[in-house]
Each structure stands twice: as C-alpha cells, then as structure tokens.
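First the structure, in the form of structure tokens, and then the observations on it.
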There are 4 protein chains.
Amino acid sequence: MKNTFGQNVSLTLFGESHGAAVGAVLDGIAPGIAVDEERIARELSRRRPSSAMDTPRREKDAFQIVSGVFNGKTTGTPICIVIPNENTKSSDYSYGVARPSHADYSAFCKYHGFEDYRGGGHFSGRITAALVAVGGILLPALENCGITVGTHILRCKNVSDRPFEDASIDILQLKTADFPTLDNEIGEQIKDLILQAGQSQNSVGGVTQTAVCGLPAGLGEPWFDSVEGLLSHALFSLGGVKGVSFGEGFGFADLTGVEANDAFRSVDGRVVTKTNRNGGINGGITNGMPVLFDCAVKPTPTISRPQETVDFIKDTNAEITAHGRHDPAIIRRICPVIDSVTALVLCDFLAGRYGTDFLAKGTNVCVTD
Amino acid sequence: MKNTFGQNVSLTLFGESHGAAVGAVLDGIAPGIAVDEERIARELSRRRPSSAMDTPRREKDAFQIVSGVFNGKTTGTPICIVIPNENTKSSDYSYGVARPSHADYSAFCKYHGFEDYRGGGHFSGRITAALVAVGGILLPALENCGITVGTHILRCKNVSDRPFEDASIDILQLKTADFPTLDNEIGEQIKDLILQAGQSQNSVGGVTQTAVCGLPAGLGEPWFDSVEGLLSHALFSLGGVKGVSFGEGFGFADLTGVEANDAFRSVDGRVVTKTNRNGGINGGITNGMPVLFDCAVKPTPTISRPQETVDFIKDTNAEITAHGRHDPAIIRRICPVIDSVTALVLCDFLAGRYGTDFLAKGTNVCVTD
Amino acid sequence: MKNTFGQNVSLTLFGESHGAAVGAVLDGIAPGIAVDEERIARELSRRRPSSAMDTPRREKDAFQIVSGVFNGKTTGTPICIVIPNENTKSSDYSYGVARPSHADYSAFCKYHGFEDYRGGGHFSGRITAALVAVGGILLPALENCGITVGTHILRCKNVSDRPFEDASIDILQLKTADFPTLDNEIGEQIKDLILQAGQSQNSVGGVTQTAVCGLPAGLGEPWFDSVEGLLSHALFSLGGVKGVSFGEGFGFADLTGVEANDAFRSVDGRVVTKTNRNGGINGGITNGMPVLFDCAVKPTPTISRPQETVDFIKDTNAEITAHGRHDPAIIRRICPVIDSVTALVLCDFLAGRYGTDFLAKGTNVCVTD
Amino acid sequence: MKNTFGQNVSLTLFGESHGAAVGAVLDGIAPGIAVDEERIARELSRRRPSSAMDTPRREKDAFQIVSGVFNGKTTGTPICIVIPNENTKSSDYSYGVARPSHADYSAFCKYHGFEDYRGGGHFSGRITAALVAVGGILLPALENCGITVGTHILRCKNVSDRPFEDASIDILQLKTADFPTLDNEIGEQIKDLILQAGQSQNSVGGVTQTAVCGLPAGLGEPWFDSVEGLLSHALFSLGGVKGVSFGEGFGFADLTGVEANDAFRSVDGRVVTKTNRNGGINGGITNGMPVLFDCAVKPTPTISRPQETVDFIKDTNAEITAHGRHDPAIIRRICPVIDSVTALVLCDFLAGRYGTDFLAKGTNVCVTD
C-alpha cells in the first residue's frame, strides 16, 4: 500500500494542492474517544502560514468530518476528514521546467506526465494539513492516557535552542508557545534568520527535536517494526525531512561505549536511566524513558532566484525563477506535523499491544501495564 | 506484521543467538534467478568476526537453503535459509542484571521474562547473518540489472574516510576491499582505533555511508512509502543504528536554499543534477542520480568494565561487568548487513513497479524504463 | 488494516448510511487511465434502487471525485470519491432493539454503543455505492486490457437462470440488460418472486454467478493469496453474502475425480480445458479459462413483520417490526457491487504481476504475457 | 505479501514436497504460552496418511522447533518449525505433461518452468503438515481461553453426517475420534466410499463442517476484514477447497427472511439466538453464538486412470496416467488442517482486539469482555 500507513491504527492520505480538497481517512481508532473540533482547529492554526515568515497563501483550513464521529465521539469506524482548497493560484505554475530539489522531475518519471503538477500536486506540503487535523484527534487521546508529544526547533543555521531537559514540562510550555523554541530569545533570533532568508530570496532549513513522555516500556519490535523504524518511516514522508536520529544520533560516532551507555538505576521502585543518550529506546523497544528524536529539514527548495534546470518536456536545459507563493522556511510549520505523525505511530503501537479499545480508556499506561 | 518486511518482496527473520539456528524466509522473488552459494558465502565472510577487532565467537555460518531454489535457480516460491548456531557459550549469560544500552530490560518489559535472553536472544546481531545470506542472493540479482550497492565506514570518532565520489567505481573497489574504507590509510587508522578501544575494555561507534548506482528515476511513493521512508524503516532494525540521513542529511541545517538545491542539467539526453545533495531522491522518489545515505552506529554497548545497572528480577540496583564475547566495534561488520538490507528494499520497490518477474530479466532498468 | 483492501491496488471505504457522505479512496492505480464520469454514473444506476422491488429510499448518488484525477485521467495518486447522503430519515431508527440477523447487536458488542446506528451506519449497503463508483473506473480499465466481468442472478428460491455458457458473450449481454439474468423469461419470474415477497412483508435471497473473461494464466499465489482467497475475502465484505464457491463449488461433493477433472487440450496453439469445473483456477492460480464463481446471498433481514428480539440496552426481551425503508431482495442490486469488488481484486493481481503502469497500457494481457 | 497471512498473528509457509523440508514461521504469538510437543505430534498424526484410504507415502513428520520457544514456552519472537522430508520418490514425476485439475500448468504459466515440480512442489498438500504443527501450538492456547474448534466430514457423495448440534460437546467428541464424523456408522460408510474410490482408480470429494465455540461477540470488521472474509481467505489456500459458506450458506437461497432470520433472546442475562442460521456472524462480526462454516472439497485430482491432457513443454496433446502416490480422498486428512487454519485466523482476531499478550492469559474471553 502506498498512501496508507499503520497496521492497527492506519491513515490514508489523499488530495492535491490545487485540487478540490485534501484529506485523510483514519481507521482503527477506538470507539468512544471525544473529538474536539476546537482542538483540531488549534492544531491546524499551528501549521497555518500566518506571518511574513510563511508563504503568502492563506487557507482557512475549514475541515469537515465526513464520517466516523457521532455525537462528538469516535464510532470506531473510519474517520474521513476533508479540507477543501480555496486559495489556489494555479496560473503560477507551468509544466515541464523542473524546480530544482523539488519532486517535479522525479514525479514526471513516475507518473509519465499525468501527475497534477499544480502547486506540487500530491507532493505539496498542503497535504500535511490533513495529517495535522488527524493529530488534533490523536494527540488529546494520547494525553488522556498520560502520553504527551512536543517538537521544537533545535537548530537553524548557527542558532541553537537548548535541548529538552525536563521533557514533560518542556512539552507543556510548547503547547502554548507562539514560536516553537524552548528559549524565547533563541526563537527571536531564528525568526530573524528566516525573515532575512525570505528578504534575500533565499531559504533556510534546520533541525527539530521531538520528545514523547509517558510511554510504557516494552513498545516496539526487535526486527523491522522497531520504534525507530516505524517513526522514521512515517517522518521521512514529510517533504524536506532528510535525516532522522534518536537520542545522541550522529553524535554517537564521537563517543566510546563508556561515554555512550545509559546506566540503569532503580528509583522509587521504577527503573530509569541516569542519562538518556539512547532516546528512550533499547533494541528498538521503549525502556520507559522519554523518547527523543531529531529531524533534519532541508531549506525550502523554492527560492525566487534564477536557477539552472531542465525542461523535461522539451528535453533541454532551462532557467527557472520561482513565482509561486512559498515559505522561506518550513521549520516552524513542520513542528505540529511531526507531532501528528508521531501520534499516529504511537497510537498504532499502543493499539497493537493493548488492543483496539485501549486508547479510549484514558488509562495512564505506565501505571496500567 | 512484526519480523516480516516488504510488500512485493518480503523477508521474515527468525532465530536466537543461542538457539538451534537463525534464518530467513525470502518471498516474492522472481523465478529463474541464479543462486550462487559461493557468493552467499562471500557475503557472509564479510560479516563474520575474523580478527582481534571482532568478537572471539567464531561461527562457520554453514547455511542451508531449505526451499525455493531448484536446479540452482530461484523457483519463485519462498526461499528459506537456515544457519545453525554452533559456537554458543550460554554460561556467559545470566538473567536479571540488565546490560546498559542493551535490550535486556526493554525485552523483559515486552516479553515478561519469557524471552530467550542467552546472548541477546532474538535481539542478537547474530540474526543479521540470515540477512546477509539473503543479500547474497539479492545483490547479484540487482547487479545483473545494472544496480550496485556499496557501504563504507565514513567516520569513526575523529577519523573520516573520503565520501563517495564516482560512486559506481567506488562501489567496485569496496567489493574486493579487506576493510570497508575508500582510503586504505584511513582504514588502517580506524582499525587502530578499534583495536585500542578493545584493549581498553571500551568500544567505538561511527558513521557509515552507502551508495546505490543504476537505479531508474521514478521509484518510491510521495507519502509514507518514500525511498527514504522504507530504507530507514529497514535500516533502523539493525542493532546500533541510531540515525539515518540522506544526501547532506543533518548538514542541510547549515545551508541556504541557494546552496542546497541541486541544479538539473541535460547531458547527452539524460537528466542529471550538478550536485547531489539530495542523495538521489526528490519528494521521496528517485531522480536517477546515485542514492546516498549515512547511518549513525552507536558504540557497542557491551564493554568489559564495571557499569551501574539494575537487577530487574530482584528490583535492586546492581553492577555488571560483561564477560560474554563481543566486538569493540560493529562498524566494519555492519557494512555488508546494510548492503543486504538495502538490496531487500530496492528489490521490493522494483518488483512493485515493474512486476514480479522483473528481477530475473537482467535488464538494465535505466535503459528499459 | 481494517477498511482497506488490496496490496498494489488498494481501496479504503468510509461513511455511514445517515452521515454526511459515503466514499472511497482508491490507491495504486496506474497514471493515465481515462476516467469517464458517465460510466461511473451508469454503474451507480445499476445499483440504485429504482422500482417496487427495491427500498423506497431514493438517492441521486451525485458523486464527487475529490482527488487523483486530472484532465480526465488518473494521476497515479489516490483517487478519493465522495457521495453525499441526501435522502436520510433517521427518525425511522431507534437504538437498543436489535434487528434480527442484522449487525445491530454484534456492532454494539464491538463498538460499545458508540457506533452510528442510524440506518445501519457503517454496515449499511449504502456504502457499496462507493464501491460501485470505484468499479466505474476499474471495469473500463480492465475492458481496455481485454478483461470483462459480469454477474447475473443464478437462482432465487426455486427459479434458476441458465449458467454462463459462452461467458464473454453472456457478459456483453448483461452490460445492457435491465435485469441481471441471462434468460429474460426467468428474469420476469424472479421479479415476481421479489415483488411477492415485498407485498407479504417478507424477503428473499438467492445465488449470483460471476464470470471473468480474458485473464492471463498465472495470476495468484499458491498459499494464502490464491485467486479464490482474495476474491472471497473481498466478497464476504458484502452484507448478505454467506457463501462463495468456484466452478462446481459445493457440487464437487457429488462427483468423483473422473467426473470432476478438467482435461487439458491444445487448440490452435493455446491450452484450454474441455470442461471448466474448476472455474478457471488450478492450485489457486488462473489457468487461462474464464474464472467462474457463485455467491450465496441471504434474504434481506429487514422485514415488516413482528420478530422476537432483545433490547440490548435494557437487557430484556423485546419485539421489533421494521419501519425503515428496505429492499425485499438485494440480489439484483448486489450484481454491480460484485462486479466492482471483483474488478478491484483483479487490478490488484495484475498490478502485482505486471507492475504499476500495466493497467494504463491497454494491452490484451493474454497476448502480452 | 504472498506466503504470509495474518496481521497481528502471522504465519509464513515455505517448502516443497520433495525438497529438504517444509516449514512455517509463526509470529506475533504472545510470550509465555506452553508448547506441548506431544500435542503437536498428535495434531500431525491426525493429518498423517495411515491407512489404505490415504496415499502410501509415509512420513514421520519429525518436526523441529528451530526458534521462538524457550524452556517449553513461547518467547514472543518468531517460532520457526521445520519438518524434514524423508520419504520422497521424485522419479514418479516427470515434467511437462500437466496433471488435469492440478496446478502443473498454471504453475508453469506463473513460474515459467523454474518451479520445483516434483510431487507438486510448493503446491503439495505436504506443506499443510507445517500448518498443522502450528495448529498444535495455537489450538491448545485457544482452549486455554475457553475457545474450541472442531471439524467433521459433513458429506461425501450421497452419505451425510449429522450437522453440529451441541457444538461444544460435539467438538470434544471429535478430539478423540478415529475418523472425523459425528455419527460412527456414517463414518464407516464414508470410509467404504473412499476405499471403493481408491480401488477403482478414482477419487471422491466432500463437504466439511467446522464449529468454533467460546468466541466473544464483537470480533471482526464490517468491511473487508469480516470474520467470513479472513476465514475464507485462509481456507481457500488449501488445495481442493472450492467453496466456503457460513451458517445456512447456499441454503439461504431457498429461504425467505421470515425463515432465515435468527431471533435474539435474552437467556440468563446472556444474549443468544434461537436458531443459528447465520453461523454466529452478523454483519461480519461475531454475535457470541458458535461460528459454523462448511468447506467444499473437490475429489483428489490425481487418479490412476488415463486422462487427456497437454504436454506444455512440447506444446502437444498428451495422455497421462498417474503413478505417484496419492490419496483417493483428502476429506479426512483436511479436517485437522482446517482446524489449524481456523485457529490462526482466530488468534489474529483476538490479538488485534485484546492485545499482544491476550492469548497467554488463559482467560475465558466471554467472561472477560
């Protein structure tokens, strides 16, 4: 299967940037979970372009829950959410001249010219609105079970936010933050970097860091469906994500075993680790510590400067200068998308381990298990 | 499904480190592919511990092809390969005292004490012998279609190998190299680092880099089953892999769009990119350039020094000093495993796109498509 | 995954009888297939209630293609089709008193009372409208490859239609038939049976027979994903289908091997069988003869007579007399649904064997392979 | 995936009739389930040819549990069972002359002549030994949860056994029966029919009936993964099964709604149905009554009489007279195979609904839920 992800809880995405709508079908979700449309709207607002830092395309993201919710609660049958496209300007796009580092050319090779190329079509970041709407259902359901998820910008060029420290408190802070950094001052500096990039017809990337708190130990599989494997699989769907690492990640290459190992300790009858360099995962399976991972996000490829490229229809070299509306950085807007994708993977693991109805029980899993 | 990976070409792993055998079932493979037992043995020898750099456990890896091969060719039905365990010393292992950064504790939480803990059980790197045996079938089949795969140690602590340059030639060189670096001098330095780590009861990690040449443009899916998504999913199964990145990976955070974008050019009627910072993948889909990715490998957690830990049976703090046989670094031995896992994912993509029989045709896909 | 079916070509269903809409997401379909909205409408009209034989609920089935079609052709990305519900009368339904042989009680046990019970909710035959709309895309695509599908009523109580003889011609005849029997006179008798059942507040079931012509030999898998296995899996989704058999089916119990075997013959360089008691499938794999199967359809459980039942909310015995709008038989309306489900399974097999792009090529597979 | 079935509990089959071994990998099974090798042996003995009614090929079925069992209990990791082939006589088989109603020709079309044709290769009933060995683990685990499964011969030509009445008692009786009928006298008559068929170089088929008792209400999915859908998918893998029906099955065509509906009643606070014509399933979901289904089994296609056929290598008409060892009927030997396949599907449903560990808990689900 292609645009579907997950085994016990699964998500199917559809839609194109300039088509009628984007949307998602979420299946396998426990019956009886409260669906709060305001929370969905709030998650969508975190992703929505809203300032000079973002694309001038403005969408209301007026989502419609087509199925699977009855009397304000999940029914247990598929939830289809549709978000109509409204503010589309297809005339900005012509076909054949590939935007460098975009999917135009690779999509042509795959779809032979039948792809809806307008605004990036099915490859557009616009589709992540549907992902985030789904997150607006899953994230509060997880919170109800004592599981929280948060993502901040860890780095943008040479400006670095502090990493998660007391992750559960940091996550709470992020829920109400205007800009997703843990340090406000750093946030201002990153905003400046992004604005400058936009003003100079350029763009910037960065690194995000995500924490998950409250997960029980024992989730994940040793081979293939490790927690790292499923999370990375889902995260690499997101346009611009070019690296995923857990705990120390690539920093492990600088350490010896003596420095890298996380010593276990028994504290108040609970097993913890003194450090958390493994990001809460040993052998692919959660160990009860916060799950920590980073995503590398490349600079938005659309820049308003002339670039060398090809016209793959005429089979010639060409030059392109982007005129479409676009973001000088997606590093801010990708944070709620990462939260949502993470929630999907976690719900899948939890439903697999504890059964279909688990997520509706509102139990704190760490206590339960 | 848990220990099974792949949709059109799929692999199921089984076995424990100190059980009767480890093995794999490979399904969906085209009928008529030549199976060369010498090649399988050669791939296994690349993974096998063989020097003071590796664990003193020595296994013959005498594999048996139980099914799916007839008259030296694949039949198209499942290929089961079994590799008996011979040199096991279970007395080295006792139960309850968790080895830090190993799966002992997380496995206990998942399997409630019923897991076969001896030598890491199903979590052991020993299981990768079965993966490599499968690679011994898939890699030559890909080569027959003009697709080559190679992995080298890019970095170990402060010692760095040169990255892939002319990847198809570099891959050829790696096929016959005694030690998987592109620069022999660097190889010697890394060997020294590993030996020193072993002598000081310590261990080291590193970063590997992999290249795939000859892939057609147009493989992969925009959402979820991107090339990055499926490769990372499979790679994160490997014990010790804690990061996966494509092209510039985490280095993208330092670049602007102007610096990061890969300009397209038409050269001799073929579309190429001037740089390959995206690692041959745009929007999750191959663009015809070499696919390039890095894996971060953490230091082997088993070290012969006293470490703080817990006894999760007695529920007390404890100390552990490893006595089992182990490697001061797996960075060398993981290279052929990464090649094999990569081959599995590629075969799955190719079978999905071009059909069941494709891999047996020995066509150069780039020409065909 | 639950409401999703198929591996290479997959379908996800959503919607409830009295919710906003029903719909489907079709994924994995080759790019470049012409989508003819008139054909979709024609297939929908075959399923639509239209006479005294059917439920008085009248729906326009005004479908909207939300995604995946561009310039009249499939793009290769997910096709979402939404069919709004208009003519709903939820006041006909109350909750707790289980309709016998319906899903009310089993759904309550599964969904704990959170299910949308109105009009059968997600269990309603209304959802098959989305299946049939998808068939309106897949069936002409198959026809373009020389593959045709047709279903007729083989039996209703003691009245039997003739079985398929020259199946490809019979299928053509069914395409334009007002009522799905091969013998018009029998059709009139079956209509009478259904009308009488309706007039006496009763209902009838029956047996359908389906033929598929033009399939290449060699489709299917020996274990699990046999042609019989995948077809039956999908067919048993349909409310009311309680039996599926291939070729002679349950009639095989009366035959000896001498009578049951289909002798092979070479005719004009093509291998055929003299009889087709195995329904075109040997060992789970097509042999090039027409695929033939029957579905047993139970009488519509909704009848306007008092029936003994329970009130599962009050936990007491109760009596029920149906007032909702319903069909005295679904045996007519199920025929296009079976065609559509069959088309889905065939497209999945073909895409798996011949690759993603196959279905758009319009090749006659029997000649190609 | 092809030779793998199941989502939460999954099975992968491998092996050929005359290869080194047949076997299975069972994954997703809860840790801590007792594995009784004697029970496995007993299930295998029910399938093993043993009399003049069966093929003269005699196999010891000396199974080896290669992985996934430790100290007599399941570990939660994949269980690989290998059953070596010993008594093979490949000289009985030559290649190119298709045995009518066997898979020889369709396999040739699929595998292009690379298939291991000896003794039917991967299509051989011999592979079901691995299925039955797996059943030897799953069936007692289900029994421990209060769920029992049994299959008897319902009909062979004109001789019919009585259908299940008090199914849980009937199942108990079948566990110790020498021949799988509920009526011993009928059993003798069916034995005679089979022996006569064998003596006259002919073969017979039949119909089996299976009952499952103790299942909780609420298992199954409305679309696609209905209980009927998954069971039939797995059952149609078995060579010779050409029809699967639930409850009244094809008999529903003769009934009206008034006759066919199962009235609900509340008895001692438990909801039951007065009749069970729907075979314990409403809307694809269990309703708490025994699940009842029939399988149509065609006569063994191998008969020792001359038959018309083709030589698909020489592309000519030919005649064949079987010399290989074979059964005049598989209707007896298929009963334990059906039990095992059923157990697999049930375990998958239960693990999906109640979580990974459920099956090890030994809870009576009906009470629990």
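Okay, here's what the table says:
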read-out: Any hit, the stretch B:196-213, residues being among the hydrophobic types (A, V, I, L, M, F, W, C), touching a Cys at 6+ places or on another chain (Cβ under 9 Å) and more than 10 Å from chain A (Cβ to nearest Cβ); value: no
read-out: Number of positions in the stretch D:302-311 that are open to solvent by less than 20 Å² (accessible area, probe 1.4 Å) and at the interface with chain C (Cβ under 7 Å from one of its Cβ atoms); value: 3
read-out: Single unsatisfied condition, residue D:192 versus (1) of a type in the set (D, E, K, R); (2) within 26 Å of residue D:125 (Cα to Cα); (3) open to solvent by less than 20 Å² (accessible area, probe 1.4 Å); value: (3)
read-out: Tabulated pairs, the stretch C:169-183, first within 17 Å of residue C:45 (Cα to Cα) and among the hydrophobic types (A, V, I, L, M, F, W, C), second open to solvent by less than 60 Å² (accessible area, probe 1.4 Å) and assigned to a loop (DSSP other than H, G, I, E, B), C-beta under 7 angstrom, 6+ apart or interchain; value: C:174/C:180; C:179/C:332
read-out: Residue satisfying condition, being touching a Phe, Trp or Tyr at 6+ places or on another chain (Cβ under 9 Å), farther than 30 Å from residue B:161 by Cβ, among the basic types (Lys, Arg) and touching a residue at least 24 places away in the same chain (Cβ under 8 Å), within set A:305, A:277, A:332; value: A:332
read-out: Restricting the stretch C:241-255 to residues that are without any contact (Cβ under 8 Å) to a residue 40 or more places away in the chain and open to solvent by less than 20 Å² (accessible area, probe 1.4 Å), the residue that is farthest from residue C:282 (Cα to Cα); value: C:253
read-out: Some residue of the stretch D:23-36 being of a type in the set (Asp, Glu), open to solvent by less than 10 Å² (accessible area, probe 1.4 Å) and farther than 28 Å from residue D:176 by Cβ; value: yes
read-out: Among (1) open to solvent by less than 10 Å² (accessible area, probe 1.4 Å); (2) within 14 Å of chain A (Cβ to nearest Cβ); (3) under 20 Å from the mean Cα position of the chain (by Cα) - the single one residue B:2 does not satisfy; value: (1)
read-out: Residue match in the stretch C:111-118 (condition: within 30 Å of residue C:312 (Cβ to Cβ), within 14 Å of chain D (Cβ to nearest Cβ) and in contact (Cβ under 8 Å) with a residue 60 or more places away in the chain); value: yes
read-out: Of all residues making up the stretch C:10-22, the number that are in contact with a strand residue (DSSP E or B) (Cβ under 6 Å, 6 or more places away or on another chain) and open to solvent by 10 Å² or more (accessible area, probe 1.4 Å); value: 0
read-out: Hits in the stretch A:117-161 (condition: basic (Lys, Arg) and more than 23 Å from residue A:187 (Cα to Cα)); value: A:118, A:126
read-out: The listed residue being more than 30 Å from residue C:199 (Cβ to Cβ), surrounded by fewer than 24 Cβ atoms within 10 Å (Cβ to Cβ) and touching a Ser or Thr at 6+ places or on another chain (Cβ under 7 Å), out of D:232, D:266; value: D:266
read-out: Hits in the stretch B:184-211 (condition: within 19 Å of residue B:329 (Cα to Cα) and not in a helix (DSSP H, G or I)); value: B:200, B:201, B:202, B:203, B:204, B:205, B:206, B:207, B:208, B:209, B:210
read-out: Which numbered condition residue D:187 fails, given (1) in contact with a Gly (Cβ under 6 Å, 6 or more places away or on another chain); (2) modelled with pLDDT of 95 or more; value: (1)
read-out: Failed item, numbered, when residue C:7 is tested on (1) under 18 Å from residue C:125 (Cα atoms); (2) open to solvent by 20 Å² or more (accessible area, probe 1.4 Å); value: (1)
read-out: Residue within the stretch D:134-147 that is within 19 Å of residue D:80 (Cβ to Cβ), within 14 Å of chain B (Cβ to nearest Cβ) and not hydrophobic (A, V, I, L, M, F, W, C) present; value: no
read-out: Residue among A:193, A:138 that is closer than 26 Å to residue A:63 by Cα, touching a Cys at 6+ places or on another chain (Cβ under 6 Å) and not β-branched (Val, Ile, Thr); value: A:138
read-out: Lone unmet requirement of (1) within 14 Å of chain B (Cβ to nearest Cβ); (2) in contact with a His (Cβ under 8 Å, 6 or more places away or on another chain) for residue A:88; value: (1)
read-out: Candidate set: the stretch A:199-215, residues that are under 15 Å from residue A:298 (Cα atoms) and open to solvent by 10 Å² or more (accessible area, probe 1.4 Å); chosen: the one nearest to the chain's Cα centre (by Cα); value: A:209
read-out: Residue in the stretch D:34-52 that is within 14 Å of chain B (Cβ to nearest Cβ) and of a type outside the set (D, E, K, R) present; value: yes
read-out: First in the stretch A:17-29 and under 21 Å from residue C:115 (Cβ atoms) and in a strand (DSSP E or B), second anywhere and aliphatic (A, V, I, L, M) and modelled with pLDDT under 95, Cβ under 7 Å, 6 or more apart; value: A:27/C:1
read-out: Residue satisfying all of: in the stretch A:218-240; of a type in the set (D, E, K, R) and part of a loop (DSSP other than H, G, I, E, B); farthest from residue A:280 (Cα to Cα) among these; value: A:225
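The values are calculated or read from the model by the stated rules, or taken from the named source; none is laboratory data. Bear in mind that the values here come from a model prediction, so they are computed numbers and not experimental data. Counting neighbours? That spans all protein chains shown, and the Cβs are built from the backbone with ideal geometry, glycine included. Protein only, heavy atoms only, side chains kept; ligands, DNA and RNA dropped before computing areas. Shrake-Rupley method; radii C 1.70, N 1.55, O 1.52, S 1.80 Å.
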